[in-house]
Amino acid sequence: MGYEAQHFTTILDNSDRLDITVWTCPLDPPAKVRALALLHTEWKAGDYDWHAAMSGQYAATLKIRIAVAEVAGCDVGTASVVQAAHESEVAVISSVLTSQQFRGRGIAAALTEQLTSLAFQSGCQAVYLGSTARGGNVYERMGYVWYNGGVMRRLAEDAENFDCDYFDPVQKTRIREAQWGDMAGVSCLLVRPYEWFAADYQRSVFSGRFVHQKRCVSNFPYIYEDVVRRQGMCCVLTGCSEHRILGLASVTPGATDVQQHTGVLDFVTHEAFYAQAPSLVSETLRRAQQAGIRHVIAYVVDLDQSKADILDQLGFNQIGVLPGQVIIAKAHHGVHLLHRQLG
């Protein structure tokens, strides 16, 4: 097997030479050892399964590039960029880390800048990342701007109309099962301050209009891995390119054998594509039924009346209300419990 690697060199502020190697997954064993050794100095696990990614398990649809930086032969930092393997329009930066004794020298900035440039060179128009550091952080100095909560974004030079173009309501759509290549596209959809309160109520994925955004890269694996693990169904509404994600729907079965015939429905679409939401949900339910799901419930916060209207249109019936489940700006909101039998 051949392994793809690129090499770059830059000079740090203190005049040290920084050598950066960027591998495209899968990684050869020595590169995998180097990257994991750095990552495990800070975290036990990442936004997605590092071992699976580095072994190439996602490579058919998802392109993951992992960078390792070294000074005088010593590995001092790492970062990754994730985008669709084909027709990629957006990317996400993840797992940016500098060894503690080398912090403050511009290593994280150099890694992030190199991976951002590679994403733009490959055709991406927007790159997202999550950050907890506010006020003049390193990413701001690199041209990233605060986008929503703890999420930052940088656009390509010719992408000033990115949001209007990407979410253009006049584009052909289709529905298919989700795949790992959708990671960046789902992040692009879910980090927006979308109109509905909940994109995924059971896993607490809520809009930045109501809740401070903390997740960026992890949005997709957080949902998708749970659905797949429970043998459920996850579908996406795509636009004029293969991984332009305009909507996401999932049916997640119960956790035990006696609950496998039941599932929880969650879904969200961009506001311009509410008209396609019934088709997205219907197709997800059809596939869930084929997988053995017979009863589906949905939790809808009373703020999301248009979501409730879509489910009413699809034959869901309200079977109860859970009062005061959500508090927003000191106001209590109830959650409506809806049900539909499949078949």
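The values are calculated or read from the model by the stated rules, or taken from the named source; none is laboratory data. Since the structure is predicted, the reported quantities are computational estimates derived from the model, not experimental observations. Using ideal geometry, Cβ is built from the backbone for each residue, glycine included, and neighbour counts are taken over all protein chains shown.
In summary, L311 fulfils each of the numbered conditions (1) crowded, with 23+ Cβ neighbours inside 10 Å; (2) touching a helix residue (DSSP H, G or I) at 6+ places or on another chain (Cβ under 7 Å) with the single exception of condition (2). Considered as a group, the residues in region 15-53 that are among the aliphatic types (A, V, I, L, M) and within 18 Å of the chain's Cα centre (by Cα) include one that is modelled with the lowest pLDDT, and that residue is A45. Only one entry of Y201, Y194, Y166 meets the criterion of being surrounded by fewer than 24 Cβ atoms within 10 Å (Cβ to Cβ), at pLDDT 95 or above and either closer than 26 Å to R134 by Cβ or within 14 Å of the chain's Cα centre (by Cα) (or both), and that entry is Y194.
Just one of the listed residues (R153, R176, R105) is farther than 30 Å from H333 by Cα, surrounded by fewer than 14 Cβ atoms within 10 Å (Cβ to Cβ) and either basic (K, R) or touching a residue at least 60 places away in the same chain (Cβ under 8 Å) (or both), namely R176. Checked against the criterion of being touching a Gly at 6+ places or on another chain (Cβ under 6 Å), in contact (Cβ under 8 Å) with a residue 12 or more places away in the chain and in a helix (DSSP H, G or I), the candidates L111, L118 yield just one match: L111.
The set of residues in region 81-108 that are part of a loop (DSSP other than H, G, I, E, B), closer than 30 Å to N14 by Cβ and at pLDDT below 95 comprises R103, G104, R105, G106.
Among the candidates S99, S94, single out the residue that is within 29 Å of I245 (Cα to Cα), of a type outside the set (A, V, I, L, M, F, W, C) and in contact with a Ser or Thr (Cβ under 8 Å, 6 or more places away or on another chain). Criteria check complete, one pass: S94.
Looking at A53, A79, just one residue is outside the structural domain of Y222 (by TED's automatic domain parsing), free of Cβ contacts under 8 Å to residues at least 40 places away in the same chain, under 19 Å from L118 (Cα atoms) and touching a Cys at 6+ places or on another chain (Cβ under 9 Å), and that residue is A53. Condition first: modelled with pLDDT of 95 or more, closer than 30 Å to D168 by Cα and out of contact with any strand residue (DSSP E or B) (no Cβ under 6 Å at 6 or more places or on another chain). Can you find one or more residues in region 324-333 that meet it? No, region 324-333 contains no residue that is modelled with pLDDT of 95 or more, closer than 30 Å to D168 by Cα and out of contact with any strand residue (DSSP E or B) (no Cβ under 6 Å at 6 or more places or on another chain). May I ask you to verify whether Q289 is in a helix (DSSP H, G or I) and over 24 Å from C188 (Cα atoms)? Here the answer is yes, as Q289 does meet what is asked. Of all residues in region 257-274, those that are part of a strand (DSSP E or B) have Cβ atoms under 6 Å from Cβ atoms of residues that are among the acidic types (D, E) and buried (at least 19 other Cβ atoms within 10 Å of the Cβ), 6 or more apart or on another chain, in D266/D200.
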